[in-house]
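The values are calculated or read from the model by the stated rules, or taken from the named source; none is laboratory data. Here the structure is a predicted model, which is why all the values come from computation and not from measurement. No Cβ is skipped: glycine too gets one built from the backbone with ideal geometry, and neighbour counts run over all protein chains shown.
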Amino acid sequence: MNYLDLFLLLFFTFIIYLFYNAYFFQLYLHKYRLKSSFVNNFKNSVKGTFHDEGYFAMSHPFVSKEEFKSFSNRHKISFSKCYNMVLFKTSDANWELFFHLIKEGTVYSEIMTIRVFPKYLRIKSEGNIEKNYSRLNIFTNNRYLTSILESHASTDYLKWLIRHNGDILLVSHNNLHFKAFLTDKKLSEQRALDMIKALNGIKDLVYRKDVLEY
């Protein structure tokens, strides 16, 4: 092999590497893999509706890409893009499950988010629960909310739900927002359903009709 052949080989290898690591290509791979291995079956299990692309903001329910186009540029800034979205309902809440991809340096991380919006129930307080160095940390702006989240019934759910460092559960006035970095190559349908069961248990403890606003 002469120097020209070696140069061309290295050049095309580099081009292939850049293409493979491009955001749009990685996004396509993740969307296709999840839809075929998980999303279709999960959608049928919860009798939900599927969207291949959409946008979300902290306390704002999911909006489709068509709705997003009608927003002003100032409004769009607060939204993030997601893919493989499943919306479904239970008797007392609206649920969202979706994924988005972030790039940190040369590493791509896939994040799964589950949100639940209780119907007609609101609280004024906020909080977050996260796992750092294998320890759960609970932070809120209200003593009553703290006592609920630190109760034995709640911590049983939290320890099961939040398994990895970096996982976080946000409590806001109108929803619970659970965010987890996917460390497993394949997310199982049963694991996701068990997460939803645990999140539903926390919802029932935090948003209660027999408790005054706090």
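From Ser125, Ser188, Ser172, which residue is in contact (Cβ under 8 Å) with a residue 60 or more places away in the chain, among the small types (Gly, Ala, Ser), surrounded by fewer than 20 Cβ atoms within 10 Å (Cβ to Cβ) and closer than 22 Å to His30 by Cα?
On the way: Ser125 fails: closer than 22 Å to His30 by Cα; Ser172 fails: closer than 22 Å to His30 by Cα.
It is Ser188.
Can you name the residue in region 101-126 that is among the charged types (D, E, K, R) and at pLDDT 85 or above and is also farthest from the chain's Cα centre (by Cα) among such residues? Before you say what the answer is, go through the steps one by one.
First pass over region 101-126, keeping only residues among the charged types (D, E, K, R): 103-104, 110, 115, 119, 122, 124, 126.
Then drop every residue that is not at pLDDT 85 or above, which leaves 110, 115, 119, 122, 124, 126.
Details: Glu110: 9, Arg115: 7, Lys119: 20, Arg122: 21, Lys124: 23, Glu126: 18 Å.
Filtering region 101-126 for residues that are among the charged types (D, E, K, R) and at pLDDT 85 or above, the one farthest from the chain's Cα centre (by Cα) comes out as Lys124.
Each row is one residue, and each column tells you yes or no for (1) aliphatic (A, V, I, L, M); (2) out of contact with any helix residue (DSSP H, G or I) (no Cβ under 9 Å at 6 or more places or on another chain); (3) modelled with pLDDT of 80 or more; (4) within 30 Å of Lys209 (Cβ to Cβ).
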site: Tyr17; (1), (2), (3), (4): no, yes, no, no
site: Gln26; (1), (2), (3), (4): no, no, no, no
site: Asn44; (1), (2), (3), (4): no, yes, yes, no
site: Met58; (1), (2), (3), (4): yes, yes, yes, yes
site: Ser64; (1), (2), (3), (4): no, yes, yes, no
site: Phe71; (1), (2), (3), (4): no, yes, yes, no
site: Phe99; (1), (2), (3), (4): no, no, yes, no
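Among the residues of region 90-120, write down those that are in a strand (DSSP E or B), over 19 Å from Ser172 (Cα atoms) and either without any contact (Cβ under 8 Å) to a residue 12 or more places away in the chain or in contact with an Asp or Glu (Cβ under 9 Å, 6 or more places away or on another chain) (or both). Break it down into steps so the answer makes sense when it comes.
First, the residues of region 90-120 that are in a strand (DSSP E or B): 90, 93-104, 107-118.
Subsequent filtering for residues that are over 19 Å from Ser172 (Cα atoms) retains 90, 99-104, 107-111.
Result: Phe99, His100, Leu101, Ile102, Glu104, Val107.
Within region 124-137, track down each residue that is farther than 25 Å from Tyr55 by Cβ and not in a strand (DSSP E or B).
Those that are farther than 25 Å from Tyr55 by Cβ and not in a strand (DSSP E or B): Lys124, Ser125, Tyr133, Ser134.
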